[in-house]
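The values are calculated or read from the model by the stated rules, or taken from the named source; none is laboratory data. Since we're looking at a predicted model, the values are computed, not measured. Note: ideal-geometry Cβ built from the backbone for every residue, glycine included; neighbour counts use all protein chains shown.
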Amino acid sequence: MSRLAIIAGEGFLPRLLSAHCAGEGEDHVVVTFADRPPDWCPPERHLAARYERLGALFDDLGARGCNRVVFAGAARRPQIDIGRFDEKTRLLMPRLMASLGKGDDALLREIAAVFEGEGLRVMGVHEVLPTLLADSGAMGRHVPAAGDLDDIRRAAELAAILGAHDVGQGAVVAQGLCLGLESLPGTDALLDFVARHAEGLRPDPGGARGVLFKGPKPGQDRRMDLPAIGPDTVSAAARAGLAGIAVAAGETLMIERDTLLAQADAAGLFVYGLESGRHRRDAAG
C-alpha cells in the first residue's frame, strides 16, 4: 500500500491539497495536531497527532500504509508538555531542541530528517500540485512600471540577504527605501507594520508606492515552507498602500490563484513573478 500523509497546518493549503488528491484518486490521510478533524476532512481520513507523541504518530502512519508525507500550511511553534513525551519523542527531542533557537529552515530541515529516518519520503507541496507555483512576469491585469521594477529588484536583494541568515522570506521597498523586513511573525505582520508606519516615508508622494517581494531563502529546502501568497496577502498589501506584489517565479506558491488575481485586479495591484534565481544573483552583485 502507498499512501500520502498531509501534515496539515493552518490556512487553505491543506484543504486544497486534500481536494486535489481526492480528485486524482490519490489515497491519503490528513494529520492534524488537534483532536477533531477540520470541517472539510472526512473523519475516516483524519489522523489526530500530538507533538509529544511522535512515536505514536509514526506507528499510526505505518499502520495506515503511509510512505510519503507533505507538510502544508502555516505552523506555529507549539507549547510542549514534556511530561507527556513518549519514548520516541524523548529520544528525538535533543535533536529538535538544538534547532529551535535557530531559524525556521534549520528547524524544518531537522524535522524532515526525523521523518526520513522513519522511512518516510518527504515531498514538497509543489511536487503534489505543481500548478500552485507562480509564473514569470505579470500575472494579472496590471503591470509594474519602471520604478516598481527597481523596487522589486531592491526588495529581492534585501530578501536574499535576510534569507541567508534564516530570518525571513520577504521585504517591502518603496522608491528604493526599505519599509520593512519579514521576520518570525510573518508576512501579515510585516504588511500591517507598513500600513501603520510607512505614511510619509516615501520621499515622492507621487512616486512609486512600493512592493512586497517574497522568495525562498538561499539554500532553503524546497520541500519545506516554500513562500506563499494568497487573497489575504493582496488585501494586506492594498491596506499597506503598495503598488503590487512580486514573487520568485517557479519558487513561490499561489494559493487560490484565480481569487488572488481577481482581487489584485480589482484593487489596482500588480502581481509579478521575478525569474527564478534572479533575486539571488542580484544580491550576489
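Assorted remarks:
- Within the range 6-46, being part of a loop (DSSP other than H, G, I, E, B), under 14 Å from Ala75 (Cβ atoms) and not small (Gly, Ala, Ser) holds for one residue alone: Phe33.
- Flag for Val234 being β-branched (Val, Ile, Thr), outside the structural domain of Glu116 (by TED's automatic domain parsing) and without any contact (Cβ under 8 Å) to a residue 60 or more places away in the chain: yes
- Leading residue by the ranking (nearest to Val247 (Cα to Cα)) among those in the range 108-139 that are assigned by TED's automatic domain parsing to the domain that holds Asp60 and touching a Phe, Trp or Tyr at 6+ places or on another chain (Cβ under 7 Å): Val122
- Tally, over the range 198-218, of residues that are more than 30 Å from Pro78 (Cα to Cα) and either surrounded by fewer than 17 Cβ atoms within 10 Å (Cβ to Cβ) or of a type in the set (A, V, I, L, M) (or both): 11
- Filtering the range 69-102 to residues that are touching a residue at least 40 places away in the same chain (Cβ under 8 Å), of a type outside the set (A, V, I, L, M, F, W, C) and surrounded by fewer than 19 Cβ atoms within 10 Å (Cβ to Cβ) leaves Arg76, Pro78, Lys102.
- Looking only at residues in the range 1-28 that are without any contact (Cβ under 8 Å) to a residue 60 or more places away in the chain and small (Gly, Ala, Ser), the one that is surrounded by the most Cβ atoms within 10 Å (Cβ to Cβ) is Ser18.
- If you go through the range 182-233 and keep only what is at pLDDT 90 or above and at positive phi, you end up with Gly186, Gly210.
- Against the list (1) within 15 Å of Val122 (Cα to Cα); (2) modelled with pLDDT of 90 or more, the condition Phe85 fails is (1).
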